[in-house]
Amino acid sequence: MSMGNNILVKLNNVGFRQNQKWLVKGVSLQVEKAKIVTLIGPNGSGKSTTAKIALGLLKNIEGEVEKFTNKIGYVPQKISIDWTLPLRVRDFMLLTDKLKEDTMEEALSLTGVVDLKDKSLGNLSGGEFQRVLLARAISKKPELLVLDEPVQGVDFTGEIALYELIKEISEKLNCGILLISHDLHTVMSATDYVVCLNGHVCCSGSPKEVAKNNEYKALFGEQAAQTLSIYEHKHDHIHTSDGDIKKN
Amino acid sequence: MFDDFFIRALVAGIGIAFVAGPLGCFVVWRRLSYFGDTLAHSALLGVTIAYSLEFNIAVSIFLISSVIALILIQLQRKTNLPSDALLGLLAHSSLAVGLVVIGFLTFIRFDIMGLLFGDILAVNKKDLFTIWIGAALILLVLRLIWKPLFASTVNYELAQAEGLNPDRAKAVFTILLAAIIAISIKLVGVLLITGMLIIPTAMARNLSDNPQKMVIYSIIGGLLSVFIGLFSSLEFNTPSGPSIIAAALVLFIISLLKIKQTIQLKN
């Protein structure tokens, strides 16, 4: 894509197998400074698994991950917090890094939840919690942000504002972002590079290129394709039950 | 001043309460109370080994508990049994083997009741030294692993993704648990050590809205339990361990009133 010294994380032909089934296979991508790379794909297509591989959370992976930074912020897709542990928003913000009070407040203001800082985490709504998760990830001024559906449960106007914020952060902090999202509209407009997954990389490129791709259309339907442009092509492979890919 | 057995027991109890509070919080947060039980039961085996080889009791308990923890981790990896079944298996078999070995060691006089339920008369000056040095070391190490341990208690993947080392913290924490069991067995006894870890903590949970508060309250709860328990043990001639745990239970029940109040306020 561009200069090597801007690369934050690079995946070379990685895959992960669980119970004899490939969750994802043959994925290569890289995230660079100040760039947003978005993973799209249907449920179970290996988006979260790919993000976890990039973060080094999975053991026994196939392929190779090269990481060039340790300053990482992560918003996981699912987070289960046990409420036997009394935790306020401010305690959660300080979880993996020490922060000054004003740094913490600044991050919480950016995502619009600064008023909640002394509230108990267990009392937040889904959308509020999501905003706190995002605030926590950006507060430590990371070089690489991995955001797995960061705006799930957030109201419509909030969603747009948060995507704008994500783009702004990428520029302001010179931070690379690996984003997973279902929201094609917003994502496509804010993304530098799209990787369309369905157990493997179906297609990748700039949002425009991907929108022209047949497989993208096959995966997301005619309407999704029309949101960007109209194109045609045909499938050149099928997916077998063990997660493998066969050429037609 | 340490010539009085009661003062010795009190000083021992204070040392233990300071460690039991923070460790107990992690035991509750990480849902490890049965794990604590298992380590404690295996401590009896440690005692018998110490007696038969004329070895330091605390060190022997510490080593045996650590070995049992390692065996547990191996069994979890290599069998299909659920963790609670494995814990039960290890807890009761190590307790049983410990008692059987005691049966063979007829040449040594054992105070089995004292081992199981604690004995304030048994705490000597050397034990005080072991308890306070041990407690200081446990707190120091806990301070060092606090961040990765706490972060991974909240969420393992977040902690690992953002560069902390949760697995190492967990292993070290297991060793700390073995250590507190080793130093507190004389005062509280094998069967009740987990109670010392989790009952003051359960009380603290009812009173706190953040983790720091919960740690402080559980230390205070532990200290109060030790004071009330030991004084009543002296007064009513009851075994020290059960008296301390019963005192902790009373404090827990009182703390329930506070919850009731909060709920009423909310409505």
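The values are calculated or read from the model by the stated rules, or taken from the named source; none is laboratory data. Here the structure is a predicted model, which means the values were calculated and not measured. We place every Cβ from the backbone using ideal geometry, glycine too, and count neighbours over all the protein chains shown.
Kindly check whether there is at least one residue in region A:32-49 that is within 28 Å of A:LEU116 (Cα to Cα), touching a helix residue (DSSP H, G or I) at 6+ places or on another chain (Cβ under 7 Å) and among the polar types (S, T, N, Q).
Checked region A:32-49: no residue is within 28 Å of A:LEU116 (Cα to Cα), touching a helix residue (DSSP H, G or I) at 6+ places or on another chain (Cβ under 7 Å) and among the polar types (S, T, N, Q).
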Report, by residue number, each residue of region A:76-98 that is outside any loop (DSSP other than H, G, I, E, B) and either among the acidic types (Asp, Glu) or within 9 Å of chain B (Cβ to nearest Cβ) (or both).
A:ARG88, A:ARG90, A:ASP91, A:PHE92
Selected residue [under 25 Å from B:ASP209 (Cα atoms) and either of a type in the set (Gly, Ala, Ser) or exposed (fewer than 15 other Cβ atoms within 10 Å of the Cβ) (or both)] from A:LYS98, A:LYS119, A:LYS140:
A:LYS98
Can you report the number of residues in region B:47-63 which are under 15 Å from the mean Cα position of the chain (by Cα) and at pLDDT 90 or above?
2
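Which of the residues that make up region B:232-257 are among the hydroxyl-bearing types (Ser, Thr, Tyr) and closer than 19 Å to B:VAL11 by Cβ? Reasoning before the result, please.
So the first thing to find is which residues in region B:232-257 are among the hydroxyl-bearing types (Ser, Thr, Tyr), and the list is B:232-233, B:238, B:240, B:243, B:255.
Once the filter is applied, which keeps residues that are among the hydroxyl-bearing types (Ser, Thr, Tyr) and closer than 19 Å to B:VAL11 by Cβ, region B:232-257 yields B:SER232, B:SER233, B:SER240, B:SER243.
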Listed residues B:ILE228, B:ILE183; which is in a helix (DSSP H, G or I), in contact with a helix residue (DSSP H, G or I) (Cβ under 6 Å, 6 or more places away or on another chain), free of Cβ contacts under 8 Å to residues at least 60 places away in the same chain and away from every other protein chain (no Cβ under 14 Å)?
B:ILE228
Being within 14 Å of chain A (Cβ to nearest Cβ), assigned to a helix (DSSP H, G or I) and among the hydrophobic types (A, V, I, L, M, F, W, C) is true for just one of B:ALA159, B:ALA136. Which residue is that?
B:ALA159
Scan region B:146-172 for residues that are at pLDDT 95 or above and under 16 Å from B:GLY24 (Cβ atoms) and jot them down.
B:TRP146, B:LEU149, B:PHE150
Based on what the data block shows, is B:THR194 surrounded by 24 or more Cβ atoms within 10 Å (Cβ to Cβ), in contact (Cβ under 8 Å) with a residue 24 or more places away in the chain, within 12 Å of chain A (Cβ to nearest Cβ) and part of a helix (DSSP H, G or I)?
no
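Just name the residue that is surrounded by the fewest Cβ atoms within 10 Å (Cβ to Cβ) out of those in region B:139-155 that are within 9 Å of chain A (Cβ to nearest Cβ) and either on the phi > 0 side of the Ramachandran plot or without any contact (Cβ under 8 Å) to a residue 40 or more places away in the chain (or both). Steps first, please.
First pass over region B:139-155, keeping only residues within 9 Å of chain A (Cβ to nearest Cβ): B:147-148, B:150-151, B:153-155.
Filter once more, keeping what is either on the phi > 0 side of the Ramachandran plot or without any contact (Cβ under 8 Å) to a residue 40 or more places away in the chain (or both): B:147-148, B:151, B:154-155.
On the way: B:LYS147: 18, B:PRO148: 22, B:ALA151: 22, B:VAL154: 20, B:ASN155: 21.
Applying the filter and picking the extreme gives B:LYS147.
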Over region A:34-66, the set of residues modelled with pLDDT of 90 or more and within 13 Å of chain B (Cβ to nearest Cβ) is A:SER48, A:THR49, A:ALA51, A:LYS52, A:ILE53, A:ALA54, A:LEU55, A:GLY56, A:LEU57, A:LEU58, A:VAL65
Which numbered condition B:SER42 fails, given (1) part of a helix (DSSP H, G or I); (2) in contact with a Phe, Trp or Tyr (Cβ under 8 Å, 6 or more places away or on another chain); (3) free of Cβ contacts under 8 Å to residues at least 60 places away in the same chain
(2)
So, B:GLY98, is that one small (Gly, Ala, Ser) and over 21 Å from the mean Cα position of the chain (by Cα) or not?
no
Tally time: how many residues in region B:120-138 are within 20 Å of B:GLY189 (Cβ to Cβ) and either small (Gly, Ala, Ser) or surrounded by 13 or more Cβ atoms within 10 Å (Cβ to Cβ) (or both)?
13
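Restricting the search to region A:167-188, which residues are part of a helix (DSSP H, G or I) and out of contact with any helix residue (DSSP H, G or I) (no Cβ under 7 Å at 6 or more places or on another chain)? Before you say what the answer is, go through the steps one by one.
Looking only at region A:167-188, we keep the residues that are part of a helix (DSSP H, G or I), and these are A:167-172, A:184-188.
Residues satisfying the conditions are A:GLU168, A:SER170, A:GLU171, A:LYS172, A:HIS185, A:VAL187.
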So A:GLY153 clears everything in (1) under 18 Å from A:VAL9 (Cα atoms); (2) under 16 Å from the mean Cα position of the chain (by Cα); (3) more than 9 Å from chain B (Cβ to nearest Cβ) except one condition, right? Which one?
(1)
